[in-house]
Amino acid sequence: MPMLSCLPPLRRRPEALAPKVGPLGLSPKKVGDDIAKATGDWKGLKVTCKLTIQNRQAKIDVVPSAASLIIKELKVPPRDRKEVKNVKHNGNITFDALLKIARIMRPRSMAHKLEGTVLEILR
């Protein structure tokens, strides 16, 4: 399962995808369009896309990081990453929103309990 880090919803250049999906018999242009469609909600945030390929059909799953989930929860407007650098994010997140993020991150956490996952996100 190839993992790609991408900036949505920009379509990945086919020549950048070709070494990863070409040997699997997939069209890089079509995979790039599928990635753009799957990551439309994450405009301006860097997320990882997991490609699951079965019977020459690519299924794209978005695997956001804790930072991406927090920034999305802060409802920060999208920015152009090439022009706006070193942005300081500030705002308040409710405890319920923090628990929601922790539940999403739970399978990838190293903590034994949800309490530890919440602490991982806060640090």
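The values are calculated or read from the model by the stated rules, or taken from the named source; none is laboratory data. What you are looking at is a predicted structure, and each value in this text was computed from that prediction instead of being measured. Cβ: placed from backbone, ideal geometry, glycine included. Neighbour counts: every protein chain shown. For accessibility, only protein heavy atoms count, side chains too; no ligands or nucleic acids. Shrake-Rupley method; radii C 1.70, N 1.55, O 1.52, S 1.80 Å.
Quick notes on this one:
- Computed from the C-beta positions of Ala97 and Gln54 and an R0 of 22 Å, the FRET efficiency is 0.05 to the nearest 0.05.
- Figure note: Asp41, Asp61 ranked by solvent-accessible area, largest first, 1.4 Å probe, ligands and nucleic acids not counted: Asp41, Asp61.
- Virtual spin-label span in nm between Glu115 and Ser27, 7 Å along Cα→Cβ: 5.4
- Listed residue pairs exceeding 22 Å between alpha carbons, taken from Lys43/Lys85; Lys46/Lys75; Lys37/Lys72; Lys59/Lys100; Lys72/Lys100; Lys29/Lys72: Lys59/Lys100; Lys29/Lys72
- When Ser27, Ser68 are compared by accessible area at a 1.4 angstrom probe, the order from most to least is Ser27, Ser68.
- Added length on full extension, which subtracts the Cα-Cα distance from 0.36 nm per residue, Ala36 to Leu74: 11.4 nm
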